[in-house]
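Data first, discussion second: the structure below is written as structure tokens.
The values are calculated or read from the model by the stated rules, or taken from the named source; none is laboratory data. The structure presented is a predicted model; accordingly, all values stated were derived computationally and were not measured. Neighbour counts run over all protein chains shown; Cβ positions are idealised from the backbone, glycine included.
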Amino acid sequence: MPPEFGDLPENIKRKIIICLTVRLEKLTNALVSEALQRERSTMVDFDWRIKMIMGSSHVASLKQPIVQLDLFVKDKGAKEIVNVEMDRDQLDSFIKTLEADV
């Protein structure tokens, strides 16, 4: 028990320990996550959109779907948005890469 809890009755100390024990895994994960966020960039959220490219200056009728992905990244307290555009093949490759890392 931390010294701040020294004056508490024993039954209260036991209840605190029980609460901490029950939530030990969640508390540990939160501390590890917080420590890792201090050391490296971490994605905290994302947003995505699907758009249809109807044509370009080279091809009059293209009709190609693309995904626009916004990754909200936190790096040592600073937040930034990383924008990524992918066609279907690139998206499939990206998803396979993410699944392989799990």
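Brief remarks on what is shown
- Where a residue in region 1-12 is of a type in the set (V, I, T) and its partner, wherever it lies, is surrounded by 10 or more Cβ atoms within 10 Å (Cβ to Cβ), with Cβ under 9 Å and at least six apart: I12/F5
Residue by residue, here is whether (1) more than 30 Å from F72 (Cβ to Cβ); (2) exposed (fewer than 11 other Cβ atoms within 10 Å of the Cβ); (3) among the hydroxyl-bearing types (S, T, Y) holds:
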position: P2; (1), (2), (3): yes, yes, no
position: K26; (1), (2), (3): no, yes, no
position: L31; (1), (2), (3): no, yes, no
position: S41; (1), (2), (3): no, no, yes
position: D45; (1), (2), (3): no, no, no
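- L20 fulfils the conditions (1) at pLDDT below 85; (2) over 17 Å from the mean Cα position of the chain (by Cα); (3) assigned to a helix (DSSP H, G or I) except for a single criterion, (1).
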